[in-house]
1. Looking at the structure I just gave you, is Glu369 at pLDDT 80 or above and in contact with a Pro (Cβ under 6 Å, 6 or more places away or on another chain)?
2. Looking at region 157-172, which of the residues that are under 30 Å from the mean Cα position of the chain (by Cα) and not small (Gly, Ala, Ser) is surrounded by the most Cβ atoms within 10 Å (Cβ to Cβ)?
3. Tell me whether region 142-149 contains one or more residues that are open to solvent by 20 Å² or more (accessible area, probe 1.4 Å) and over 30 Å from Trp386 (Cα atoms).
4. With respect to Ala724, determine if the residue is aliphatic (A, V, I, L, M), within 18 Å of Lys781 (Cβ to Cβ), open to solvent by less than 50 Å² (accessible area, probe 1.4 Å) and part of a strand (DSSP E or B).
5. Quick one: how many residues across region 833-850 are assigned to a strand (DSSP E or B) and open to solvent by less than 40 Å² (accessible area, probe 1.4 Å)?
6. How many of the residues making up region 214-234 are closer than 17 Å to Asp81 by Cα, at pLDDT below 90 and open to solvent by less than 50 Å² (accessible area, probe 1.4 Å)?
7. Report yes if some residue within region 604-615 is closer than 19 Å to Asn331 by Cα and either β-branched (Val, Ile, Thr) or touching a Lys or Arg at 6+ places or on another chain (Cβ under 9 Å) (or both); otherwise report no.
Amino acid sequence: MKYAIFFLAIFASLFAYEEPYDPNNYREREVKAIKVSEPLIIDGHLDEALYQGTSYSDFIQYEPFNGAKAGQKTDLWIAYDDAAIYVGARMWDTSPDSVVGRIGRRDAYLNSDIFEVIIDSYHDKRSGFSFQINPAGSMRDEVYFNDSWTDDSWDGIWEGKTRIDDKGWTAEMRIPLSQLRFSEKEEYVWGILPTRYIQRTGEWDYFVYFPLNESGAMSRTADLTGIRDIHPPKRREYLPYITASASNLPTRKDNAFIEGKDSDFGFGADVKLGIGANLTVDATINPDFGQVEADPSSINLSDFETYYDEKRPFFLEGRSIFRFGNGGPTNNIGVNFSEPSFFYSRRIGRPPQGYVSSTPSDSLDHPSETRILGAAKISGKIGDNWSVGGLSALTNREHARYYENGEIIEEQVDPFTSYNLIRTLREMDNGRYGLGLIGTMTNRYMDGIGLYGDQDSEHGSTELLSDQALGLGVDGWAFLGEDRGWALGGWGGFSQVSGSTERMIRLQHSPSHYFQRPDANHVELDSSMTSMAGSAGRIKLNKEGGRVQFNAALGWVSPGFESNDMGLAFSSDVINKHINVGYRWLEHGTYVRSASASILYANNHDFEGVKTADVIFSMASLRFVNFWSLNMNGGYSFEDLNNRALRGGPRVPEAAGAFFGAGLNSDYRKDISYSFSMDWGADQDGGDELGLSMNLNMKLGDQLNLSIGPSIYWESDMAQYITAVDDPANTAMYGKRYIFSKLDQTVTSADIRIDYPITPRFSLEGYFQPFIAVGDYSGFKEYKRPESSEFLVYGEEGSTIDENYLIDPTGGDDADAFTLYNPDYNYKALVGTMVLRWEFSPGSTMFLVWTHNGSDFQNHGTYDFAKDFKRLIKSEADDVFALKFSYWFG
């Protein structure tokens, strides 16, 4: 009998068949939601009847072994009722004591295990809402757009609870339907992508197979089915707030208006209203952003303005709808091309652009920003394919006050200004094609009053600001091939600004245009101009998948393009081209997990056809199996003619140079991780630069996070612009002398961040930056002629310069002599913000904020870190303490 059983077992094994594992079988999957009759209790306990039913499992590794079965099992359940979507998950773990859960504030990036569910309720295969939670109950959310790009500025109102047990950990979520966007139907099919991250192994598991050599995210989601008989809810949210602040301002103790002390009390409200199923109106009245982190210090010796990131919540949330020109292709690399934008939200509420008409002999009270009276924006979808967005904001008329001969003089320094934007985008064939439009309009209400308060003032707002600025742009994309392996995208736009002749003359002279360049035959100053118009755009082609990479682009900004009233355009008169080819190694090797390398060539011409930039550039990256990584770049810029170096003067050569950079990052999973970077450059004229920086991240226990990022930068610039002096006799340089010098510069700084969350809803955050920048100018000189690198060095060839910077360039009579100020500097600053945040109820918060701002300017031109740092610590500093309380109704 035993032999019969033996042979029967052999016979059965011969005919038994198990389909071989193939990750491609997990590309298209379905999750069916179960309707529940009563709301689930969100407590992390999976003890409801729902969890006794069939779960969805079989997750697939995205990393580190792409396409392999998940190292740990995950079970998923989805349910819904008339008000919410419910998500339950069991994260099994063979080593439950190794589950990593860290407490962190809302939306913090935490080095922990994660469970995430992404829901594409539009089912447009392009966008989605991401909800993430870790074993300690810390929550994050963000939105997806352009298929795989994310924006974490969105803050949804949802619930989540977790528990760690002897089997691993569990998570439950309740996502109100009001936080999703969908059109009413009898039955719904949405996209869904559950993911899990296992911190100790660095493993990302997806419910759907995502090959590394293919791009996209939302276009690859599973289908969420079974949802029917629900209705888009009415959405009304109100967030009134009150604020109070007290300031200690020793740097202004002698100011008769301030006397070193100040206080303020304010109130306002934010409102969110749903229009139909998919449109949302956000409005803010008298907004306050006192809890926002301070901007970092910097030293800017160029003719470009300093760019600052947006940090204000109203302008951050939902900003993806206002992105323009970068849809479609997932690689938007650019070299030597500052792509202009139609919308730069930091324009709204910026510091006043005017100044008082005379230098006050006593005190001056000048506002630091223009107050936003109110702002509103609309965003969402019309139908299945049209995305729409709009924004309108009104800023106050601002005045400065000063004493003159014992009398208070008040002058306007910024007029009432309205900022308006509209954005539409239509996506077709599940995102294969896209076509969009953006329009902006800025209006200033001068009322005939100059920025100096006097209608008859010689200088007024008509000189400093445009009356009206318009912008109009069209963008779009097309994915090519059946597998969408290539993407063609681009945009084109038009701008027009209008104002007084004085304003237009000033604008033509500005760093964005430099129409006064004497050797430019394609632009010229027009003193009768009352409006300026121009165009800009960019076309790009990108290979979206595979090992071989390819990217090419053509961009241009015409001389008259001007978007700086509501957008950002650093420069104009440029045509930029580049081509980039590369290769990716995706096989998981013994030491290297993946690698990539590419080489790029780019050049620029102005609209006269003169080459102004010419560079070859290469990049490489290595990701090691031990989770370290190495990035490198390097290249060579060839000598070309620079049409900006003289800031409105003729073209001069820019020296050729080589550059190299490298960055090394340690295993980010560790409690202590760090990175190092180095940037080096050397020019043929003898100039060089070297920058060193590091970043140390320390996770001290489950709560305290400390980050320290010191850096130091040395530069020797052989031709730093100082100023231009009129001299009609110097005909070789068109009646001017362009003064330059050697600059030896040292910049030291450190970014210090402290994050101490007591609970996920109660946290203390801090940011501090000590900053020291020292510049020593020497070897003063001037260019002898255009398109030449020859200099007249003062003190040589008969010219003279004395210790008071009195310069005689010819050494004869004093008719052409002039005096410079001492340009040496030693700027020290310590800025910081400390925020205590308590979310005492979903959407309702209290902030207690301390802001510190100190500076010192002693010891010009001399760098002594110990002495400079000591002076910085002892320097006078202004401190502001603020309280903000807001309560959410919804």
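The values are calculated or read from the model by the stated rules, or taken from the named source; none is laboratory data. Everything numeric here is computed off the predicted structure, so don't read it as measured data. Glycine also receives a Cβ, built like all others from the backbone with ideal geometry; neighbour counts cover every protein chain displayed. Surface accessibility is based on the protein's heavy atoms, side chains included, excluding ligands, DNA and RNA. Shrake-Rupley method; radii C 1.70, N 1.55, O 1.52, S 1.80 Å.
1. On the way: at pLDDT 80 or above: yes; in contact with a Pro (Cβ under 6 Å, 6 or more places away or on another chain): yes.
Yes, satisfied.
2. Residues of region 157-172 that are under 30 Å from the mean Cα position of the chain (by Cα), as a first pass: 157-160.
When the remaining residues are screened for being not small (Gly, Ala, Ser), the result is 157-159.
Working: Ile157: 15, Trp158: 22, Glu159: 16.
Taking the candidates together, the pick is Trp158.
3. no
4. Details: aliphatic (A, V, I, L, M): yes; within 18 Å of Lys781 (Cβ to Cβ): yes; open to solvent by less than 50 Å² (accessible area, probe 1.4 Å): yes; part of a strand (DSSP E or B): yes.
So Ala724 passes the test.
5. Applying the first criterion (assigned to a strand (DSSP E or B)) to region 833-850 yields 833-841, 844-850.
Subset that is open to solvent by less than 40 Å² (accessible area, probe 1.4 Å): 833, 835, 839, 841, 844-845, 847, 849.
Residues meeting the conditions: 8.
6. Adding up the residues that qualify gives 2.
7. The initial filter retains those residues of region 604-615 that are closer than 19 Å to Asn331 by Cα, namely none.
Checked against the condition, which is being closer than 19 Å to Asn331 by Cα and either β-branched (Val, Ile, Thr) or touching a Lys or Arg at 6+ places or on another chain (Cβ under 9 Å) (or both), region 604-615 yields no hits at all.
Results for (1) small (Gly, Ala, Ser); (2) not in a loop (DSSP other than H, G, I, E, B), shown as yes or no for each residue.
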{"site": "Arg140", "(1), (2)": "no, yes"}
{"site": "Ile157", "(1), (2)": "no, no"}
{"site": "Gly160", "(1), (2)": "yes, yes"}
{"site": "Ala171", "(1), (2)": "yes, yes"}
{"site": "Tyr188", "(1), (2)": "no, yes"}
{"site": "Pro211", "(1), (2)": "no, no"}
{"site": "Ser215", "(1), (2)": "yes, no"}
{"site": "Ser219", "(1), (2)": "yes, yes"}
{"site": "Leu239", "(1), (2)": "no, yes"}
